[in-house]
1. Between GLU95 and SER232, what length in nm is gained on full extension when 0.36 nm per residue of separation is reduced by their alpha carbon distance?
2. Write out the trypsin sites (Lys or Arg not before Pro) in segment 163-220 meeting two conditions: DSSP loop, and at most 16 other Cβ atoms within 10 Å of their Cβ.
3. So for the chain, what percent of the C-alpha to C-alpha distances run longer than 33 Å?
4. With respect to the cross-link table entries LYS183/LYS269; LYS148/LYS258; LYS148/LYS183; LYS196/LYS269; LYS183/LYS203; LYS2/LYS148, which display a Cα-Cα separation exceeding 19 Å?
5. Return the distance in nm (one decimal) between the two label points of a simple spin-label model at ALA214 and ALA193, each offset 7 Å from Cα along Cα→Cβ.
6. Gain in length, ARG17 to PHE102, computed as 0.36 nm per residue apart minus the alpha-carbon separation, to one decimal in nm?
7. Hey, how much of the P(r) for segment 39-123 falls beyond 16 Å, as a percent of Cα pairs?
8. Over segment 185-275, what per residue volume does the convex hull of the Cα atoms give, in whole Å³?
Amino acid sequence: MKIAGAAEAAATAAAWRKEGLSIGLTPTMGCLHEGHLSLIRRARLENDRVIVSIFVNPMQFGPSEDLDRYPRDLERDAALCREAGVDMIFHPTPEEMYPEGFQSGISVGALAQTLCGKSRPTHFTGVCTVVGKLFNLLRPDRAYFGRKDAQQVIIVRRMARDLNMGVEIVECPTVREDDGLAKSSRNIHLDAAERKSALCLFKALSSAGEQVAAGARDTQALVRHMRDLIESEVSASVDYVEIVDPDSLAPVGRIEKKVLAALAVFIGKTRLIDNVLLEP
Ligand code: AMP
């Protein structure tokens with residue numbers, strides 16, 4: 001397994017394509033956990049060659065966000081990738097990705113302005129720009145994304161279609177800890193008390209699921225119920241709790257078909273997100 005910068009990774013991927021080998025890409029920001037590994041394993045099953053990109057993308061962090069404290073551990077990540085049968089880690093420097101004079105970007109419309117887009121207005125332009133660059137550099141056949149970041153995978157799929165990128169976007173289920181907390185690189189920041197509080201995201205979503213199964217249909221009441229559950233935790237503060245259409249991300253009033261319940265919550269200083277599909 002090689003760990004390559006931009007020029008070497010692009011040349012290697014081009015050589016694989018020339019040999020007729022299919023390429024699966026799993027974009028990550030590193031500090032890999034079981035969630036990432038589930039994407040990597042799926043890519044391993046479906047492609048001749050697997051590339052994992054590890055890049056903490058400055059463009060998707062806002063000025064007051066956690067870019068500097070985002071966890072990094074390339075050595076551990078490389079060992080996990082090797083074990084999972086990855087062929088190449090693409091690990092560019094910020095200067096390689098954003099050389100002096102860089103001033104272009106990919107932005108997606110309404111899908112990027114709701115949910116996380118409200119409190120992180122430049123986030124999805126950063127995500128789409130870096131993912132677009134990864135696709136151009138490596139030209140994968142398939143790219144693997146987690147449903148944990150539901151809005152992200154919806155936006156990336158829209159972008160790939162809208163801009164004829166020729167990459168199949170594969171969505172993989174959310175991997176959780178035994179108690180239900182969605183795995184996240186940011187969970188590392190939680191102290192013991194916060195780790196307990198963090199369970200309120202999953203509890204709120206599960207409780208909404210139970211209420212819908214019992215016949216609840218009014219999304220306002222469900223959102224209020226989820227907010228109340230979360231706000232009863234001392235260290236938790238809600239960024240948003242919403243119930244939206246799973247394709248358009250538009251708000252839904254009454255639940256008549258499958259909807260997406262999505263939320264973002266600060267546990268202390270750490271912002272966590274999670275979501276589930278609710279079916280009437
Ligand atoms: P990140 O390194 O957080 O940018 O995540 C890289 C990819 O892994 C994204 O497609 C995420 O949606 C996915 N991912 C992160 N956490 C999980 C999880 N718990 N389950 C499934 N996929 C995940």
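Values in this text are rule-based calculations from the coordinates and carry no lab data. In this text the structure is predicted, and so the values were computed from the model without any measurement. Please note: Cβ atoms are built from the backbone with ideal geometry, for glycine as well, and neighbour counts cover all protein chains shown.
1. Working: separation 137, 0.36 × 137 = 49.32 nm, distance 4.41 nm.
That works out to 44.9 nm of additional length.
2. Details: sites: ARG176, LYS183, ARG186, ARG195, LYS196, LYS203, ARG217; in loops: LYS183, ARG217.
In loop regions of segment 163-220 (DSSP not H, G, I, E or B), the sparsely surrounded trypsin sites (Lys or Arg not before Pro) are ARG217.
3. Tail of P(r) above 33 Å: 22 percent of Cα pairs.
4. Values: LYS183/LYS269 17 Å; LYS148/LYS258 17 Å; LYS148/LYS183 9 Å; LYS196/LYS269 15 Å; LYS183/LYS203 15 Å; LYS2/LYS148 28 Å.
Over 19 Å apart, Cα to Cα: LYS2/LYS148.
5. That separation, rounded to one decimal, is 3.1 nm.
6. On the way: separation 85, 0.36 × 85 = 30.60 nm, distance 2.81 nm.
Once the chain is fully extended between ARG17 and PHE102, it gains 27.8 nm.
7. Details: 2378 of 3570 pairs.
Pairs farther apart than 16 Å: 67 percent.
8. Numbers: hull volume 8.1 nm³, N = 91.
In segment 185-275, the Cα convex hull volume per residue is 89 Å³.
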